Amino acid sequence: MPSLRDGRLVLVVEARSEGTAYSAIDLTIDLATGTVVAKSARIFTTWGDEGPGREPVKRIARLVATAASATAATVGRQIGSAAATIRREQSLSGESALGDLIADAQRAAAGTDLAFMNGGGMRGDLEAGPVTFGALYAVQPFGNTVLRLTLSGEQILRLLEQQWSGPYARAPHLLATSGLTYRYDLRRPAARTPTALSRGRQRLPGRGRRLLLGVRRRA
């Protein structure tokens, strides 16, 4: 366990994502002082054919049913319609129809020059037909905030370069963009993969531009 400057040990545990595992944390607390005297954690894989979770807990099921009933009108409210299914799946060049739509919407709502949307913030597709509030929430089921910044073209270039560097060197994590066009060359070193940036016919490096970022809050 990592330690603080005063020498106290800190228990850190993460059970991966998407329900593939869960953490079981055991704490021993001194009731007289309210301090933790012992701590440990284990991570369990959520197998589909054994262990807990195969049957709903009745108390939790009632809680979920109550919440679903209370929000049914809002969830079912139609916001618009989609002529075709809008998918988050990326093309070979990294384009995503749903990512582009979200980035365009954020940019229009805030009146900024550019917008970026990360692929991890999209958790479902928009199916063709009526689009409800619930369907939109399923696409982005987070308490997302929108961050508005002023960045130079050079700073935007550095941001784009990070898509092919560090933890993404082997598996690039491409952003959806709005208001921005850029080229990239996979033959170049990862840190210099993007080769040109422009907004319409205007090249960006060196000039400050207002930028909108979709930021996902971490739990």
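The values are calculated or read from the model by the stated rules, or taken from the named source; none is laboratory data. The structure presented is a predicted model; accordingly, all values stated were derived computationally and were not measured. Virtual Cβ from ideal backbone geometry, glycine too; neighbours counted across all protein chains shown.
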**Item:** Pairs, first in a loop (DSSP other than H, G, I, E, B) in region 123-149, second loosely packed, with under 13 Cβ neighbours inside 10 Å and small (G, A, S), C-beta under 6 Å, six or more apart
**Value:** A128/A84
**Item:** Search result, residues across region 1-27 that are within 14 Å of A41 (Cα to Cα), part of a strand (DSSP E or B) and touching a Leu at 6+ places or on another chain (Cβ under 9 Å)
**Value:** I25, L27
**Message:** Condition check: closer than 30 Å to A128 by Cα, among the hydroxyl-bearing types (S, T, Y) and in contact (Cβ under 8 Å) with a residue 40 or more places away in the chain. Does T66 satisfy that?
**Reply:** no
**Asked** If you check A128 against the conditions, is it at pLDDT 90 or above and surrounded by 13 or more Cβ atoms within 10 Å (Cβ to Cβ)?
**Response** no
**Request:** Confirm whether A103 is assigned to a helix (DSSP H, G or I), under 26 Å from Y182 (Cα atoms), among the small types (G, A, S) and in contact with a Gly (Cβ under 9 Å, 6 or more places away or on another chain).
**Result:** yes
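A quick yes/no check of all residues on (1) surrounded by 12 or more Cβ atoms within 10 Å (Cβ to Cβ); (2) modelled with pLDDT of 95 or more; (3) outside the structural domain of G121 (by TED's automatic domain parsing); (4) not in a helix (DSSP H, G or I):
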site: I60; (1), (2), (3), (4): no, no, yes, no
site: L63; (1), (2), (3), (4): no, yes, yes, no
site: A67; (1), (2), (3), (4): no, yes, yes, no
site: T71; (1), (2), (3), (4): yes, yes, yes, no
site: A84; (1), (2), (3), (4): no, yes, no, yes
site: G94; (1), (2), (3), (4): yes, no, no, yes
site: L98; (1), (2), (3), (4): yes, yes, no, no
